[in-house]
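Here the structure is laid out as structure tokens; the discussion comes afterwards.
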Amino acid sequence: MEREILIEKFIQNRLSTEEMSVFIELLEKDKSLNKEVKLQVSLKKVVEMNDDSNFRNLISDIESKTVKPKQKYAYVKWLVAASIILVLGLSYFLTLEKNATGQDLFADYFEPYRNIIQPVQRSSDLEQNEKEIAFMAYDHGDYEKAQLLFSSLYTTTDESYYLFYKANALLKLERADEAIPLLLEYNKTNDTLKEKSNWYLALAYLKLNDRPNAKKSLKTVVSDGKFKTKEAKKLLKQFE
């Protein structure tokens, strides 16, 4: 079944149990389909909220245009969207994003901070020190191994940046509850990466749907004005 038909049936609550199963699987795999569905849901909400008869007449007139069926779907869909923007403004389109869960926002914004401590180099040496192995695991996406090694290294060296990188690894492993204490401890230091930590602390709180603490950390990011300021301002709009 074509995706447009699936979307239309989903919006109209007409999907069968089998079709719903297929639709959910497609949503998980196809990000573009996910965005398309969000747009259509948002459009539906806007239309339902609008009681202006002139607006409804405008939409009705658009739908009555004589175009080919496949062309009509795309033509009407985007003209409706354009009409909504003109009549109601862009604010309604922010509704769905503002209702996004903390986990959704975390998934949209989180990316582990890059390794700037230990450049990973290819080596034929059989012997590698623990620090090299830890950051190599981090760079190669073996976050479980990396966080274990960072923990060991912090214990033996007391270098605070290991807390920061371990927290990033734990966030990637979706263990935000373990990452938060590390970032809070790291914030007590004067390490060069400290200006980055509040951004990751905010994301960790979002992952746990702790919006009050996330908001507090985001405000600190904006106040610092050194790292992810634009993103932090955008996220803060979710709390308005």
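Readers should treat all values here as calculations from the given coordinates under stated rules, not as data from a laboratory. As the structure is a prediction and not an experimental result, all values here were calculated from the model. Counting neighbours? That spans all protein chains shown, and the Cβs are built from the backbone with ideal geometry, glycine included.
May I ask which of Lys29/Lys233; Lys207/Lys228; Lys35/Lys234; Lys38/Lys228 have a Cα-Cα span longer than 20 Å here?
Correct reply: Lys29/Lys233; Lys38/Lys228.
On a full-extension model of 0.36 nm per residue, what is the gain between Phe239 and Ile117, subtracting their alpha-carbon distance, rounded to one decimal in nm?
40.4 nm
Find the relative contact order for segment 105-234 and round it to a whole percent, using C-alpha pairs within less than 8 Å whose residues are 6+ positions apart. Provide the component values of the computation, followed by the final result.
Numbers: 162 pairs, mean separation 23.9, N = 130.
After rounding, I find 18 percent.
Cβ under 14 Å from Ala134's Cβ, Ala134 left aside: what net charge do those residues give with Lys, Arg +1 and Asp, Glu -1?
Around Ala134, the charge tally is -3.
Please report, in whole Å, how far the alpha carbons of segment 106-239 spread along each principal axis, starting with the longest.
Principal-axis extents of the Cα atoms in segment 106-239, largest first: 52, 28, 23 Å.
Just to confirm a number: summing +1 for Lys and Arg and -1 for Asp and Glu over residues other than Pro181 whose beta-carbon lies under 15 angstrom from that of Pro181, what do you get? Numbers along the way, then the final one.
On the way: positive: Lys166, Arg175, Lys188, Lys207; negative: Asp177, Glu178, Glu185, Asp210.
Combined, the nearby Lys, Arg, Asp and Glu give 0.
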